[in-house]
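Computed from the coordinates by the stated procedures, all read-outs in this text should not be read as laboratory data. What you see is a predicted model, and the numbers here were worked out from it, not measured in a lab. Neighbour counts run over all protein chains shown; Cβ positions are idealised from the backbone, glycine included.
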Amino acid sequence: MSIFDAVGLELAEPVHASAPYPAFVASAMDGYAVRVADLPGRLRVVGDVPAGSVPDVGVEPGTAVRIMTGSLVPVGAEAVVPVEEVSVDGDHVEVGVTTTVGRHIRGIGDDVAPGDLVLSAGEIVRTAQLAALVAHNAATVTVRPRPRVAVLSTGDELVPHGTQPGPAQLVDSNGPGLQAAAEAAGAEVVHRSHVSDDPGAFRDAIAGLPDVELIVTSGGVSMGAYDVVKAELADRGIRFENVAMQPGRPQGWGRLDGEVPMLGLPGNPVSALLSFELFGRAALGRERPVATALLADPIPRSPKGKLQLVRGRLRDGEVSLAGGHESHLVVGLARADCLVMVDEQVESLPAGATVRVISLI
Ligand code: AMP
Ligand code: MG
């Protein structure tokens, strides 16, 4: 497809340079094009090269040509002396410094030579990758299609966004939240719906899904009496187990009827969204990078035997705690922009400890 439509998509094939970049010898500074043997010295300025123009004069011994950043370097020039390092005196310049061949000159192919790899297969086309493709006048690239995803919220207590919830109801925030998370991970959400905890209705909803590469459900995977996802799909190829992490302990995963990959995420909004950050992103091949940071606040308690994902805010390499601990605090989650990963054998951490963090931005 057109390179301009490929932003956010994964390259299926590498891109190689058809021409060198830069394509011509250019000045890296506003200054004067000179010969090295003439410096230091007083040089006669014999011409001027604005950006985009071809010099109509060369640099002869004892002369200089005024030149701008990005301008084509004139014949005979060996270096550029920045304008800050000369004093102008009428049609002459006094240069007090010496220089070396090639100083402040950009060479042909400094960035890539013809045939060099510009972008690798598997790379995501982001802003810098687009700029590299544009700079090469590439017209089209071969990309992988966005994975097609279905998002299904379960729960009798849920009402759609925009509806006033009754006394024991709440707005389905997981559905739109998981859709946004899947789209941020490069997927196309081709179906999103809310289904009740009624087994028949749930079976019908699953049967009616369009062709997708991943089904993501939320809710109904735990130990409750009405956990419909678990009840209906346990004998259709989906495993339901407790994962040693917090939040997000109950999880379902597998291939539905041996075919379509499925994630049965827990219903608590924080659990659902953070589980998607780990397992959904992994399924889509878009894991977030893990970095290290210093803890600004202590973590007094962490459950033994479980990976704890602590909500935090990352600033200048320091992470402070934000957004609370419990799994229903959906507004609290919005205050966090990263997750601190506290390993299962760690039970507490002091301020100043080095921790692993995943940015959620
Ligand atoms: P469940 O896993 O179905 O037992 O749900 C656990 C908790 O998450 C309950 O408090 C549910 O009301 C809540 N919950 C489940 N699904 C959603 C959803 N789609 N949006 C917001 N909250 C939900
Ligand atoms: Mg439920």
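Details
- Segment 200-231 and segment 347-361 have Cα centres lying 35 Å from one another.
- Charge dipole magnitude, Cβ of K and R +1, D and E -1 - the chain, Cα centre, debye nearest 20: 660
- Listed residues Leu133, Ala205, Gly162: farthest to the positive end of the dipole of segment 111-255 (Cβ charges): Leu133
- Dipole of the chain, positive end: most advanced residue of Gly280, Leu178, Met223 [Cβ charges, Cα centre]: Met223
- Translational D in µm²/s for segment 259-361 (Stokes-Einstein at 4 °C, 1.567 mPa s, Kirkwood Rh from C-alpha pairs): 92
- Computed over segment 1-132, the alpha-carbon pair-distance distribution with 5 angstrom bins reads 2, 11, 18, 17, 12, 8, 8, 8, 7, 5, 3, 0, each value a whole percent.
- Val101/Ala282 FRET efficiency (R0 51 Å; Cβ-Cβ; nearest 0.05): 0.45
- Overall, segment 269-333 carries a charge dipole of about 160 debye about its Cα centre when +1 sits on the Cβ of Lys and Arg and -1 on the Cβ of Asp and Glu, all other atoms neutral.
- Contact order relative to length of the chain, as percent, for alpha carbon pairs under 8 angstrom and 6 or more apart: 13
- Peptide ranges 221-231, 324-334 listed from the most packed, as the mean C-beta count within 10 angstrom indicates: 221-231, 324-334
- Rg over Rh for segment 113-205 works out to 1.24, both radii taken from alpha-carbon positions and Rh defined as the Kirkwood radius.
- Cβ-derived FRET efficiency at R0 51 Å, Ala135 paired with Ala353, nearest 0.05: 0.70
- Among Pro147, Pro61, Val95 - extreme Cα towards positive end, dipole of segment 59-148, charges at beta-carbon: Pro147
- Antiparallel bridge percentage (DSSP; both residues within the chain; nearest 5): 65
- Amide hydrogen neighbours beyond the local backbone of Val189, cut-off 5 Å, H modeled: Val149
- Across segment 129-138, coupling constants 3J(HN,Hα) worked out from phi with the 6.51/-1.76/1.60 Karplus curve, θ = phi - 60°, read 5, 4, 4, 5, 5, 5, 4, 8, 6, 5 Hz, and Gly and Pro carry x.
- Cα-based convex hull volume of segment 170-229 per residue, rounded to whole Å³: 91
- Viscosity 1.306 mPa s, temperature 10 °C, Stokes-Einstein D of the chain from Kirkwood C-alpha radius, µm²/s: 63
- Considering only Asp111, Asp337, Asp89, the Gaussian network model of the chain with Cα springs below 10 Å gives its largest mean-square fluctuation to Asp89.
- Net charge in the neighbourhood of Asp235 (other residues with Cβ under 13 Å of its Cβ; Lys, Arg +1, Asp, Glu -1) is +2.
- The gain in end-to-end length when the Val7 to Ala201 segment is fully stretched comes to 66.0 nm, 0.36 nm per residue minus the alpha carbon separation.
- Estimated FRET transfer efficiency when R0 is 56 angstrom, pair Asn242-Thr127 (beta carbons, to 0.05): 0.85
- Segment 110-234 - share of DSSP beta bridges that are antiparallel (%, nearest 5): 0
- Contact order relative to length of segment 178-254, as percent, for alpha carbon pairs under 8 angstrom and 6 or more apart: 19
- Compared with the alpha-carbon gap, the fully stretched path from Ala23 to His92 is longer by 21.7 nm at 0.36 nm per residue.
- Taking other residues whose beta carbon is less than 11 angstrom from the beta carbon of Glu94, and scoring Lys, Arg as +1 and Asp, Glu as -1, yields -1.
- Modelled this way, with points 7 Å down the Cα-to-C-beta line, the labels at Arg335 and Glu85 are 5.4 nm from one another.
- Each residue of segment 151-163 was assigned a 3J(HN,Hα) from its phi angle through the Karplus expression (A = 6.51, B = -1.76, C = 1.60, θ = phi - 60°), giving 10, 10, 9, 10, x, 5, 7, 8, 10, x, 3, x, 9 Hz with x at Gly and Pro.
- Globularity index of segment 153-288, i.e. its alpha-carbon radius of gyration over 2.2 N^0.38 Å: 0.97
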